[in-house]
1. Hey, among Phe65, Phe37, which residue is open to solvent by 60 Å² or more (accessible area, probe 1.4 Å) and part of a loop (DSSP other than H, G, I, E, B)?
2. Right, Leu155: crowded, with 17+ Cβ neighbours inside 10 Å, touching a helix residue (DSSP H, G or I) at 6+ places or on another chain (Cβ under 9 Å) and not in a helix (DSSP H, G or I) or not?
3. For the stretch 245-254, state whether one or more residues are at pLDDT below 80, open to solvent by 60 Å² or more (accessible area, probe 1.4 Å), more than 30 Å from Thr43 (Cα to Cα) and aliphatic (A, V, I, L, M).
4. Can we say Leu6 is at negative phi and either open to solvent by 60 Å² or more (accessible area, probe 1.4 Å) or hydroxyl-bearing (Ser, Thr, Tyr) (or both)?
5. Which pairs have Cβ atoms under 9 Å, sit 6 or more apart or on different chains, and link a residue in the stretch 174-188 that is in a helix (DSSP H, G or I) to one that is buried (at least 21 other Cβ atoms within 10 Å of the Cβ) and among the polar types (S, T, N, Q)?
6. Can you name every residue in the stretch 45-62 that is under 16 Å from Ile228 (Cα atoms) and either open to solvent by less than 70 Å² (accessible area, probe 1.4 Å) or part of a helix (DSSP H, G or I) (or both)?
Amino acid sequence: MRGGWLRIYAITYLVFLYLPVILLPLFAFNDGTVIAFPLKGFTTEWFVQLAGIEALHAALKNSIFIAVTTAVLSVILGICAARASTRYRWPGKGPMMGIIMLPLVLPEIIVGVALLVVIVQVFDLPLSAWTVIAGHTLICTPFAIAILSSAFQGLDQSLEEAAVDLGETRWGAFSKIVLPLVTPGIIASFLIAFTISLDEFIIAFFLTGAEPTLPVYIWGQLRFPQKIPAVMALGTLLLIASLVILSVAEYFRRRGVRRVGGKDSGGFL
């Protein structure tokens, strides 16, 4: 009976979680400007309209630039932190790593407001794509560390030590032995950070300047009812892209765990 209740709970949870997501592509192909049932018919007109919106293209380019830069910075910082936390011991290691991972549990609106005050009031800097990159790197780095830590933990340290004993430098052993083994984890963390940055809205809303990101652009378009069907179409494309990227990231994460001989404790999918 316990299994039956658990199954009911799981199904109810999935329906509650994914039903709004299913409605998104449903209305994106609806031949009507009013988001309501019954549906009027099937059309791809809203997807065609996306090709002619220059402001949308500018926001997309801005988001891709921010997401790629954020992912690169997050992976670099994640490699350093994951390597240090799994390979070495030092005083205050636990509290320090806890502070680094703190953005995982902090509300994004708190992070966004705090960064806005620091950037504008303390440093007197203008808001731009780089301020958004700073905020996104702050929240994406803990995700990169979580993925890369599992990759480094399953790594056999004797391989690196053997390379050093044979005359290789520490950097040479790290670049030639360690990095190739954790490459799937690096790819997975890059894709996860890229997806989070591309879809993130709250921090981008506070820190964006004159060039909005794609989520901020979508938010602005919701004020105009006649543009909502095109927004639905755009949201459908973002949903598909996010699912594809997350699936690829999960594939590389699991591949990395198998490659270093570690135990898979669960992933994103």
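The values are calculated or read from the model by the stated rules, or taken from the named source; none is laboratory data. Remember, predicted model here, so these are calculated numbers, not experimental data. For neighbour counting, all protein chains shown are included, and Cβ atoms are generated from backbone atoms with ideal geometry for every residue, glycine included. Accessible surface areas use protein heavy atoms only, side chains included; no ligands, DNA or RNA. Shrake-Rupley method; radii C 1.70, N 1.55, O 1.52, S 1.80 Å.
1. Checking each option against the conditions leaves just Phe37.
2. It is true that Leu155 is crowded, with 17+ Cβ neighbours inside 10 Å, touching a helix residue (DSSP H, G or I) at 6+ places or on another chain (Cβ under 9 Å) and not in a helix (DSSP H, G or I).
3. No, the stretch 245-254 contains no residue that is at pLDDT below 80, open to solvent by 60 Å² or more (accessible area, probe 1.4 Å), more than 30 Å from Thr43 (Cα to Cα) and aliphatic (A, V, I, L, M).
4. In short, yes.
5. Between residues of the stretch 174-188 that are in a helix (DSSP H, G or I) and residues that are buried (at least 21 other Cβ atoms within 10 Å of the Cβ) and among the polar types (S, T, N, Q), the close pairs are Gly185/Ser150.
6. Within the stretch 45-62, Glu45, Trp46, Phe47, Val48, Gln49, Leu50, Gly52, Ile53, Ala55, Leu56 meet the criteria.
Residues checked against (1) touching a residue at least 12 places away in the same chain (Cβ under 8 Å); (2) in contact with a Gly (Cβ under 6 Å, 6 or more places away or on another chain); (3) surrounded by 14 or more Cβ atoms within 10 Å (Cβ to Cβ):
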site: Val113; (1), (2), (3): yes, no, yes
site: Val120; (1), (2), (3): no, no, yes
site: Asp124; (1), (2), (3): no, no, no
site: Ala134; (1), (2), (3): yes, no, yes
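Matching residues to (1) touching a strand residue (DSSP E or B) at 6+ places or on another chain (Cβ under 8 Å); (2) at pLDDT below 90:
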position	(1), (2)
Pro25	no, yes
Leu39	yes, yes
Val68	no, no
Ala71	no, no
Ala82	no, no
Gly98	no, yes
